[in-house]
Structure formats: C-alpha cells, structure tokens
1. If you work out Rg and Dmax of the Cα atoms in Å from the coordinates, which of (i) 23.9, 90; (ii) 29.7, 93; (iii) 21.5, 72 do you get?
2. Among the listed pairs Lys408/Lys474; Lys104/Lys482; Lys293/Lys379; Lys5/Lys31, which have their C-alpha atoms separated by more than 27 angstrom in this model?
3. Can you tell me the 0 to 90 degree angle between the C-alpha axis of helix 55-68 and the longest principal axis of the chain, rounded to 10?
4. In deg cm²/dmol and to the nearest 500, what is the mean residue ellipticity at 222 nm of the chain if only DSSP H runs of at least 4 residues count, each as -39500 (n - 2.57), divided by the residue total?
5. Excluding Lys212 itself, what net charge comes from residues whose Cβ is under 12 Å from its Cβ, given Lys and Arg +1 and Asp and Glu -1?
6. Could you point to the residue in Cys412, Ile218, Phe8 farthest towards the positive end of the chain's charge dipole, with +1 and -1 charges on the Cβ of Lys/Arg and Asp/Glu respectively?
7. Please compute the modelled spin-label separation between Asp244 and Asp363, points set 7 Å along Cα→Cβ, answer in nm with one decimal.
8. Given R₀ = 30 Å, what would the calculated FRET efficiency be for Thr133 paired with Glu32, taking r from the Cβ atoms and rounding to 0.05?
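The values are calculated or read from the model by the stated rules, or taken from the named source; none is laboratory data. These numbers were taken from a predicted model, which means no experiment stands behind them. All Cβ positions, glycine included, derive from the backbone under ideal geometry; neighbour counts span all protein chains shown. SASA here: full protein model, heavy atoms, side chains in, ligands and nucleic acids out. Shrake-Rupley method; radii C 1.70, N 1.55, O 1.52, S 1.80 Å.
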Amino acid sequence: MFPYKTSFKINRDIKEPLYLQLANQFIVFIKEGNLSSGTKLLGTRSFAELLNVHRKTIVACYEELALQGWVESIPKKGTFVHGNLPLLNTTSIVKESVKKEKLKTGFSFYENNELLSKGEKKSSDMIYINDGTSDERLTPIEEIVRTYRRIASKQSVYKEFGYGSTFGNTKLRETLVGYLNETRGLQISKENILITRGSQMGIWLSSKLLLKEGDNIIVGETNYASADVTFLHQKANLLRVLVDENGIVTEEIEKQCKKQQIKAVYVTSHHHHPTTVTLSAERRIHLLNLAKKYKFAIIEDDYDYDFNYNHAPILPLASHDVNGNVIYIGSVCKTVAPVFRIGYLIASKEFVDEASKLRGFVDRQGDALLELTFADFIKSGDLDRHIRKVLKIYKARRDLFCALLKEKLSDCFQFEIPKGGMAVWIRLNKKYSWKQVYEEGYKHQLEIGEWYRYDIAKTGHNAIRMGFASYNEKEIYDLINKLVLVFKKLKAQ
C-alpha cells in the first residue's frame with residue numbers, strides 16, 4: 001500500500017492551489033515508478049480525510065491528472081494510473097534531476113570552441129578588471145524612467161504592443177538620422193539605418209551577409225576578440241595586418257588586396273580595440289580608396305565615439321564614404337549603460353534591407369517602448385547632457401589611474417595615456433606573465449579576467465586592456481594597491 005499520508009505535502013502559504021500541488025506530486029511519484037501503471041488510487045473521500053482537505057480538492061486533483069493523461073477513471077471501479085504509460089528506463093536520472101540541476105544532455109549537439117562565454121561575477125568582495133566599460137552608477141536613470149513612464153501612459157501606446165518592423169522603431173530611426181548627421185557628419189536617411197541590440201548584433205549581421213567559408217577578411221594583428229570570433233564562426237579566413245601608433249597599416253592591406261580577393265576589412269578607427277590608437281587621416285583616405293578600387297566592405301565599429309579627452313571626436317570613415325563601401329556600427333549601450341540594448345547599423349539601403357530580413361530570424365523586433373524612450377532621450381538633449389557630464393568624470397579617472405600606474409608600477413608596466421575611450425592598453429614587463437598575475441591576483445581578490453583573449457593571433461605582445469571609467473576614486477586606489485601587492489609577491493618569488 002502506497003504511504004499516502006507521509007508522501008504528500010501541502011503548503012497553504014503559497015499561491016498554488018492545493019489540487020495542483022497534489023497533482024504535481026502524483027506526477028513525480030508516477031514518473032519515479034512509485035505508482036506504477038495500473039495502480040488504483042485511494043478513493044476521494046478517504047484521501048480527503050487523510051489529508052484533512054475538502055473532497056472537492058481531491059476530485060479536482062484527479063480530474064487534472066486525467067486531463068493530462070496520467071490517470072484514467074473506470075466507472076464503479078475507481079481511478080487508476082493510466083494503463084498505457086510506458087515504463088521510464090531512466091528512473092535513476094529522473095530521481096536525481098529532482099534534487100540536482102541538469103548538467104548533461106541526453107542528445108548530441110554542435111559545440112563551437114571559438115565562441116566566448118560571459119560568466120557571472122562571483123563575489124562582491126572581488127575587484128574585477130574590465131576592458132573599458134561605463135560606470136552604470138552614473139546612468140541618468142531618473143530622466144530615462146520619467147520619459148519611459150510618460151510614453152507608457154499615453155492612450156495610443158497600445159499600438160506599440162504588437163509586432164513591429166524588423167528595421168526598428170521608426171521614430172528612433174528618424175531621430176538617430178538627424179542626430180548622427182549633425183554630430184558625425186553622416187549623410188543618411190531613415191532607409192540607411194537598422195536598429196540593433198547593440199554593436200555585436202551589427203557585427204554578426206554584417207558577417208552573415210558578407211562572409212562564407214573560405215572568404216577573406218582583414219583585421220588588425222591585435223583586434224576586438226568578439227569580432228574575431230564572429231568572423232571565425234562564419235569559417236572565414238582572418239588575414240591579420242600590423243597595427244602601429246597610427247592605427248591599422250593600410251599599406252599592408254593594399255599588399256593583401258593585390259594577392260587575393262578581400263571581402264571585408266574590420267576596423268575600430270576611432271580608438272582601435274584593444275590598443276586605443278586612432279587611425280590617421282592619411283590612412284583613412286587610403287583605406288576608403290582601397291575599398292573603392294578592390295570593392296570590399298569596411299566594417300567600421302565606432303564603439304566609443306563620444307569619449308575623447310584631448311580634442312573633439314574625429315569624424316568616422318562613414319562620413320567620407322561616397323561609394324557605399326562602409327558599414328557603420330555603433331550603440332547607445334557603451335555611452336549610457338550596457339543594460340540598454342540599443343545600437344544601429346548604417347549602410348546602403350540594399351544592405352540594410354537584407355540585414356533587416358536576417359535580423360527577423362534571430363530577433364523578430366526590438367523593444368518598441370525602450371526605443372521610443374531613447375528617441376525622446378536623444379531629442380530632448382538628455383543624451384548630450386549625460387555625455388558632457390561623464391566626460392569630465394572619466395577624464396579625471398583616466399588621469400588618476402595613469403598617474404598611479406606610473407608612480408607605483410612603472411617597472412612592471414609600459415603604457416601610453418589614451419586620448420579617448422575608457423581603457424588603457426598596458427604592456428606587462430617580459431619578466432612576468434599575465435597567467436602569473438591572474439593566479440596571484442585571485443589570492444588577493446583581484447580578478448584579471450580572460451587575459452589570453454587579447455592575443456588570439458599569439459604574437460606574444462604581453463599586453464591587455466585595463467578599464468578605468470567604471471571605478472570611482474576610492475576603487476582606483478584599491479585596484480592599484482592590490483596590483484602593487486600582487487607584484488610584491490611575484491618579485492619575492
């Protein structure tokens with residue numbers, strides 16, 4: 001006899017109805033084999049008295065089980081576990097899955113060792129070195145929430161709740177057209193812009209449309225790791241070209257063009273990722289001329305256009321493009337906060353049209369209310385006010401970060417003070433390795449992160465990016481002091 005009284009547990013403090021609590025427990029017992037196929041269940045009156053519940057609760061429970069196909073009711077005989085249920089031949093796994101999270105699949109799937117995985121930060125006591133992110137604590141959340149609430153309270157807002165365009169919200173596209181034409185010297189219309197979920201989506205869409213297995217794309221010898229991985233996932237050939245103090249060396253690009261067909265060149269022209277150098281004016285013109293002559297696409301990732309400390313931002317390649325060779329990618333995420341997944345892809349109409357079709361397969365549409373919010377946020381001048389505010393803060397943080405590095409760790413690091421952006425490109429003394437720094441840092445609650453991804457080409461440059469913008473003054477001192485302690489230990493070894 002199945003031990004009904006001790007097996008079933010009722011919790012009257014939760015919202016789930018009692019009959020569903022019981023039904024779900026019955027299902028577990030049946031799946032585990034404790035109530036086998038054909039077993040007669042206890043009568044509704046007896047079961048109700050046993051659990052001290054109303055008989056209607058048990059009747060509803062049995063009806064739910066019958067609707068789901070777990071039991072069958074036979075007139076004048078009673079309710080039985082369904083006779084046609086197959087035996088579960090993985091009983092031990094089923095029992096285990098109730099107690100533990102599932103770690104292994106019961107099927108095969110295609111893995112990709114090239115893709116990067118972003119893990120969770122494990123401890124609030126740990127200082128995490130990032131590669132240059134904004135400080136989310138400076139997010140103008142009151143302005144954003146106020147705008148969002150005003151838009152959401154409009155009677156006409158319901159028309160935004162359905163399926164929209166794969167191009168993105170029309171108002172945001174029109175607003176960005178005016179804003180980017182004015183601030184970045186572009187000459188675009190609404191038909192040239194596609195709203196994305198950040199820069200990475202723009203890179204992915206571009207790679208899917210440009211590259212097939214065996215196609216050649218030129219990237220910097222040092223390059224943005226996520227872009228490299230995206231192109232490798234398309235099985236493209238990455239042709240690496242030297243990057244010096246004036247950006248990617250376009251003379252080397254020309255040599256490659258003379259030897260083989262090039263489908264695209266990926267550049268972070270404003271502040272090269274990861275080294276932060278700016279592509280010179282001479283090389284910008286040279287690259288545009290090469291694109292026209294050899295008919296390749298330029299994927300221009302302008303990930304941190306707004307952050308310049310020594311001069312006004314340099315206009316992007318896209319502002320000089322008259323031949324339709326540049327795919328210009330940017331985002332609001334880096335400027336405001338990463339949580340707001342709003343970016344854009346700008347190109348010729350025919351490319352944008354095709355990108356919008358492709359986008360519809362992986363992300364049917366964006367968040368219309370958020371996109372409307374940012375349309376107003378930009379149009380009202382709130383974005384520009386936010387940029388002006390954080391520029392002063394980030395410049396002060398850059399100056400403090402670099403001054404402390406020079407004062408306390410000049411024998412360990414070499415670096416140039418970046419003219420813009422949110423990170424410093426730091427070269428480690430050859431006496432040490434980042435693996436050593438990583439391992440020793442962890443002992444002192446300092447997380448270096450995926451240091452190896454900065455040298456996918458395996459050139460041995462021994463450098464990584466260290467962000468400064470997301471740390472306040474106290475945190476910068478704490479970070480530098482931990483680095484000092486780490487190297488004190490390494491030197492003692």
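1. (ii)
2. With Cα atoms farther than 27 Å apart: Lys104/Lys482; Lys293/Lys379.
3. Here the helix axis deviates by roughly 60 degrees.
4. -13000 deg cm²/dmol
5. Result for the neighbourhood of Lys212: +1.
6. The listed residue farthest towards the positive side: Phe8.
7. Spacing of the two 7 Å Cα→Cβ label points: 3.8 nm.
8. The computed FRET efficiency comes out at 0.05.
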